[in-house]
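Student: Structure below; questions to follow.
Bear in mind that the values in this text are calculations on the coordinates, not laboratory data. What you see is a predicted model, and the numbers here were worked out from it, not measured in a lab. Every residue, glycine among them, receives a Cβ derived from its backbone with ideal geometry; neighbour counts consider all protein chains shown.
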Amino acid sequence: MIGYVTLGVSDMERAKAFYAELLSDQGARMLLDMGRIAFIGKRMSEPMIAVCVPFNEEPNHPGNGNMVALPAGSKEGVDAMYKKAIELGATCDGEPGQRIPDQFYGAYVKDPDGNKLAFFVFG
């Protein structure tokens, strides 16, 4: 259903390093780097994250209410992704915790460019 999600960034090298390392434990890697845009994922045929310098060459602006949610597989996975993101330079936007009893466990960060990410597990 989703091919890829693109996040505007101000520093391509920093963004590529952040996302490639953040998602490496899930088997993701840099799949395609075209200079202005780069795709990180497991395979080109599966959902990916793309980071790019905006096409109009204006500064990137994270959207208010926009968020990319990344499945973590387990509560421990949520905790690990949150910790790793913080270590890589993200800022906390909601520590790991049970959000809906017995249904949703999640954590929230903003990447170095201010894009909001969620790490989650249902159940």
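Student: If contacts are Cα pairs under 8 angstrom and at least 6 residues apart, what is the relative contact order of segment 1-111 in percent?
Tutor: 22 percent
Student: Would you mind ranking Phe119, Phe18, Phe104, Phe55 so that the residue whose beta carbon has the fewest other beta carbons within 10 Å leads the list?
Tutor: By the 10 Å Cβ count, ascending, the order reads Phe55, Phe104, Phe18, Phe119.
Student: Angle between the Cα long axis of helix 75-87 and the longest principal axis of the chain, 0 to 90 degrees, nearest 10?
Tutor: The answer is roughly 40 degrees.
Student: Pick from Lys42, Lys16, Lys110: which is most flexible by mean-square fluctuation in a GNM of the chain where alpha carbon atoms under 10 Å apart are linked?
Tutor: In this elastic network of the chain, the residue with the biggest mean-square fluctuation among Lys42, Lys16, Lys110 is Lys42.
Student: In straight Cα distance, which lysines are under 17 Å from Lys42, not counting same-chain residues fewer than 8 positions off?
Tutor: Hits, sequence-local ones excluded: Lys16.
Student: Here is a further query. Taking θ as phi - 60°, what are the ³J(HN,Hα) couplings along segment 94-101 by the Karplus curve (6.51, -1.76, 1.60), each to the nearest whole Hz, with x for Gly and Pro?
Tutor: Along segment 94-101, the couplings run x, 4, x, x, 6, 9, 10, x Hz.
Student: Something else: Relative to the Cα centre, what is the charge dipole magnitude of segment 10-102, using +1 at the beta carbon of each Lys and Arg, -1 at the beta carbon of each Asp and Glu, and rounding to the nearest 20 debye?
Tutor: With only Lys, Arg, Asp and Glu charged at Cβ, the dipole is about 240 debye.
Student: Could you work out how far the C-alpha centroid of segment 1-59 sits from that of segment 81-123, in angstrom?
Tutor: Here the two parts' Cα centres lie 19 Å apart.
Student: If you rank Arg14, Arg36 by fewest surrounding Cβ atoms within 10 Å, what's the result?
Tutor: Going from sparsest to densest Cβ surroundings: Arg36, Arg14.
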